[in-house]
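Derivation of every value follows stated rules applied to the coordinates shown; laboratory data play no part. Remember, it's a predicted structure, so these values are computed and weren't measured experimentally. Neighbour counts run over all protein chains shown; Cβ positions are idealised from the backbone, glycine included.
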Amino acid sequence: MAHPKTEQTLVIVKPDGIQRALIGEIMKRYERLGLKLVALKMLVPTEAMIEQHYLLDPDWKKNVGEKAIASYEKKGETPPSKDPIAVADLVVARLKKYMTSGPVIAMVWEGAHAVELVRKITGGTEPRSAGVGTIRGDFVLDSYQMADGDERAIRNLIHASGSVPEARKEIPHWFSPAEITSYRAPHEATLYDADISSILA
């Protein structure tokens, strides 16, 4: 069984994160935790690449559509459609426009519980309600209310894989195996070695 330290997750700094010069700040948050950067590239994704990314999970459209409809109804608003797939198609169209509006930085981070911890540090999808101390909570003021009013995707700086199975699908979509580097960083001994008595040697 693989050691938890080999878990990997995909992080994408979205166009607004780059335009706001937050790349270093975002990366610093993950590095300070002890995660290791094993892949990195900048690119302007195509619409096809973004659509494929969000549809890697065959249930994504249904789930997103149902959540969006529930969110509209909770706010006492009328959803654009009662059909979850139709609502999800609208979400995908907005995401494609957003994610192809400029360069993005795609990264793979590795370390114990990488998926869960990156999500925790990144914060909730809506910056307005994301916790203080998270990246989105500290650096973004966008909300679903503004995004819906402007008929656009919410600008929340970062995409981060939502689960280990999701990360395993997303990473190969953005990186070939040759683009992911395996190496040992000095801090890994302190984080993971069962015996760290060599510190005193």
Enumerate the calculated ³J(HN,Hα) couplings along the stretch 157-167 in order (Karplus 6.51 cos²θ - 1.76 cosθ + 1.60, θ = phi - 60°), each rounded to whole Hz, writing x wherever the residue is Gly or Pro. 6, 9, 9, 9, 3, x, 7, 4, x, 5, 4
In the stretch 32-141, if every C-alpha pair distance is counted and binned at 10 Å from zero, what percent goes to each bin? 13, 29, 43, 14, 2
Return the FRET efficiency for the residue pair Glu77, Leu40: r is the Cβ-Cβ distance, R0 is 35 Å, and the value is rounded to the nearest 0.05. 0.30
The ³J(HN,Hα) series, computed from each phi in the stretch 182-199 with the Karplus coefficients 6.51, -1.76 and 1.60 at θ = phi - 60°, rounded to the nearest Hz and given as x for glycine or proline, is 9, 7, 10, 9, x, 5, 5, 4, 5, 6, 10, 5, 4, 10, 10, 5, 5, 4
DSSP-loop trypsin sites (Lys or Arg not before Pro) across the stretch 136-198, with at most 11 other Cβ within 10 angstrom: Arg184
Tilt of helix 60-74 relative to the longest C-alpha principal axis of the chain, in degrees (0 to 90, nearest 10)? 60
Modelling each spin label as a point 7 Å along the Cα-to-Cβ direction, I'd like the His187/Lys67 distance in nm, to one decimal. 2.9
Using 0.36 nm per residue of separation minus the Cα-Cα distance, give me the extension gain between His3 and Leu90 in nm, one decimal. 27.3 nm
What list of ³J(HN,Hα) values in whole Hz, one per residue of the stretch 25-38 in order, does the Karplus curve 6.51 cos²θ - 1.76 cosθ + 1.60 (θ = phi - 60°) give from phi, with Gly and Pro shown as x? 4, 5, 5, 4, 4, 6, 5, 4, 5, x, 6, 10, 7, 10
Report the label-to-label distance for His173 and Arg20 in nanometres (one decimal), using points 7 Å from each Cα along the Cα→Cβ vector. 2.3
Distance between the C-alpha centers of the stretch 137-180 and the stretch 7-26? Whole Å please. 9
How much length is gained on full extension from Val132 to Gln145, taking 0.36 nm per residue of separation minus their Cα-Cα distance? 2.7 nm
Can you compute the FRET efficiency between Ile180 and Lys28 using 1/(1 + (r/R0)^6), with r the Cβ-Cβ distance and R0 = 30 Å? Round to the nearest 0.05. 0.90
